[in-house]
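Engineer: Here it is: the structure, laid out below.
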Amino acid sequence: MTALDLLVRDGLVVTPKGTFRASIGIEDGVIVAIGSSASMPMAERTIDASGLLVFPGIIDEHVHFRDPGLEWKEDFRTGSMAAAAGGVTTVLDMPNTDPPTVDADGFRAKLEAASRKSLVDFGFYAGVVPGRVEELRELAELGVVGVKVYMSETTGIREPVDDLDLIRTMRVASSLGLRVGVHAEDGRTISRLREELRATGQRNPLLHMRARPVEAEVLAVGRALLAARLTGCGLHVFHLSSAAALEVIRALRPLGVDVTVETCPHYLLLDGEDSLSKLGNVAKVNPPIRGRADAEALWDAIARGEVDAIGSDHAPHLPQEKMVDDVWSAPSGFPGVETMLPLMLTEVHKGRLSYEKIAALLSENPARIWGLYPRKGSIMIGSDGDLTLVDPDAEWVIRADRLHSKSKVTPFEGLRVRGKPVYTVVRGEVVMERGEVVEDARRGQLVRPVRRGER
């Protein structure tokens, strides 16, 4: 064997099936050797990983990098810097940009921006415009990883899909071998409640929970599941937030629905009323953060294997946009790609998770769901050389002003965490080393899925 480009030596390799000590050799961006350090050839660069955990590259399946069109909030440069700092090697970006990723022109505009700026690999979801679902066929050929459907109004989406368009979208997506992911909140319920609450003249951030109640999520999840059952389309429920919606999934899953589920760190770790009371609109997000009983139900679902993935829902806005008193004018969302992995590592020390479960929820499962496995989400011969190296015992404090995102706000401000990414490796290229992002590293690439029927 010729000299390796990169050798990661003597780390504790973490996979969903277990951990083992090994060295990993990468050449031309691909893993070519796994074994003892004594069996490895020479390398141009060697990282001593003794005392470190080595995860398959972390995948954040749920980011909004706002590029193109909303670059004052974020772009692929700052978003990917945040990803690299957080140990994330691949991001999957949502379609609600300007132009939105709903046709070939929108796809190409985003691809140009990402190819020029991103330090990590990236994939795109296709959006859907009511009445134009046939655009999905060209987007599938261009390489989208899946389809994102908004069932209610949100940032950049003013015309959510109705039930007929949802069914039509699923039929087309199913024929193309693509999974459909949904933002599952019932738009009609939210619109009516929002109007009623605004009419009272109140502006308190706590009203956000009343304007987007659990019932809105339950209704939308139920409709999405039934549409998936009718069409045979694979369904992914993004950012599930409530125990009640979980019960709907449990009830309908036995009917043969191919459904996977994502939740986010803020739904697992925060209490809605407490966060909105203390942090105001900084903690405003769609769906809203719920109560502790909902968080406990989500943790239980993770333990039972009913939640398949954790994504950050990285949704940046500038501090001056978030830190306003009026709940109705404040945008929803906050950054998360840089803090997601450290927050979950901390839960291992609390006994909530295992490192193997993190490898499943944040790497292998997202890769499988979106047709990227085993190129992504795995440590095996022939997989991309994507690795996330972690110091499991490093303790530090999350500070908004130290985030690499343009959005210097976080509901986790001041939280002490344990576990820190120390190297982020994308196809053999080190893009973050000991907390320092390597800004002149080779740029990331578009990842294309292997669609159903091609596997």
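Coordinate-derived values only; no laboratory data. Since we're looking at a predicted model, the values are computed, not measured. Cβ sites come from the backbone with ideal geometry, for glycine too, and all protein chains shown count toward neighbours.
Engineer: If you line up the long axis of helix 243-252 against the longest principal axis of the chain, both from Cα atoms, how many degrees apart are they, to the nearest 10?
Structural biologist: 80 degrees
Engineer: Excluding residue 109 itself, what net charge comes from residues whose Cβ is under 11 Å from its Cβ, given Lys and Arg +1 and Asp and Glu -1?
Structural biologist: Local net charge: -3.
Engineer: Which aspartates and glutamates have a Cα less than 17 Å from the Cα of residue 408, not counting those fewer than 8 places away in the same chain?
Structural biologist: 71, 74, 75, 313, 321, 338
Engineer: Additional query: Tell me the mean residue ellipticity at 222 nm calculated for the chain from its helices only (DSSP H runs of n ≥ 4, each -39500 (n - 2.57), averaged over every residue, nearest 500).
Structural biologist: Result for the chain: -8500 deg cm²/dmol, rounded to the nearest 500.
Engineer: Separate question: Could you tell me how far the Cα centroid of region 382-455 sits from the Cα centroid of region 69-136, in Å?
Structural biologist: The distance from the Cα centre of region 69-136 to that of region 382-455 comes to 17 Å.
Engineer: Can you sort 299, 370, 72 from fewest to most other Cβ atoms within 10 Å of each residue's own Cβ?
Structural biologist: Placing the least packed residue first, the sequence is 72, 299, 370.
Engineer: For region 215-374, what is the relative contact order in percent, using Cα pairs closer than 8 Å and at least 6 residues apart in sequence?
Structural biologist: 20 percent
Engineer: Right, something else. Go through (i) 55, 29, 18; (ii) 34, 25, 21; (iii) 41, 26, 18 and flag the label whose value is the computed semi-axes √(5λ) of the Cα gyration tensor in Å for this structure.
Structural biologist: It is the one labelled (ii).
Engineer: As an exercise, use a Förster radius of 41 Å and the Cβ-Cβ distance of residue 397 and residue 141 to find the FRET efficiency, rounded to the nearest 0.05.
Structural biologist: Once rounded, the FRET efficiency stands at 0.30.
Engineer: Still on this structure: Based only on other Cβ atoms within 10 Å, what is the fewest-to-most ordering of 182, 426, 307?
Structural biologist: 307, 182, 426
Engineer: Counting other beta carbons within 10 Å of each Cβ, put 183, 314, 64 in order, fewest first.
Structural biologist: Fewest to most other Cβ atoms nearby, the residues stand as 183, 64, 314.
Engineer: Okay, next question. Note the angle between two axes, namely the Cα long axis of helix 76-85 and the longest principal axis of the Cα atoms of the chain, as a number of degrees from 0 to 90, rounded to the nearest 10.
Structural biologist: With both axes taken from Cα atoms, the answer is about 60 degrees.
Engineer: Rounded to the nearest 0.05, what FRET efficiency is calculated for residue 433 and residue 321 with R0 set to 35 Å and r the Cβ-Cβ distance?
Structural biologist: 0.60
Engineer: Rounded to the nearest 20 debye, what is the charge dipole size of region 174-306 about its Cα centre when +1 sits on each Lys and Arg Cβ and -1 on each Asp and Glu Cβ?
Structural biologist: Charge dipole of region 174-306: 360 debye, to the nearest 20.
Engineer: Could you give the size of the charge dipole of the chain about its Cα centre, using +1 on the Cβ of each K and R and -1 on the Cβ of each D and E, expressed in debye and rounded to the nearest 20?
Structural biologist: So the magnitude is around 500 debye.
Engineer: Here is a follow-up. Quick one: if you stick a label point 7 Å off each Cα along the C-beta vector at residue 129 and residue 274, how many nm between them?
Structural biologist: 4.5 nm
Engineer: Applying the Karplus parametrisation 6.51 cos²θ - 1.76 cosθ + 1.60 with θ = phi - 60° to the phi angles of region 215-230, what ³J(HN,Hα) value in whole Hz is obtained for each residue in order, glycine and proline being reported as x?
Structural biologist: 4, 5, 5, 4, 4, 5, 4, x, 5, 5, 5, 5, 5, 5, 5, 5
Engineer: Still on this structure, please answer the following. Measure up 376/406; 110/420; 284/322; 73/278; 117/284 against 20 Å on the Cα-Cα distance and list the ones that go over.
Structural biologist: Checking Cα-Cα distances, 376/406; 110/420; 73/278; 117/284 exceed 20 Å.
Engineer: Let me ask something else about it. If you take every DSSP beta bridge fully contained in the chain, what fraction is antiparallel? Give it as a percent rounded to 5.
Structural biologist: Counting DSSP beta bridges with both partners in the chain, the antiparallel share is about 50 percent.
Engineer: Go ahead and run the numbers for FRET between residue 199 and residue 159, Cβ-Cβ distance against an R0 of 35 Å, rounding to 0.05.
Structural biologist: Approximately 0.90, to the nearest 0.05.
Engineer: Could I have the simple spin-label model distance between residue 112 and residue 349, label points 7 Å from Cα toward Cβ, reported in nm to one decimal?
Structural biologist: Output for this residue pair reads 4.6 nm.
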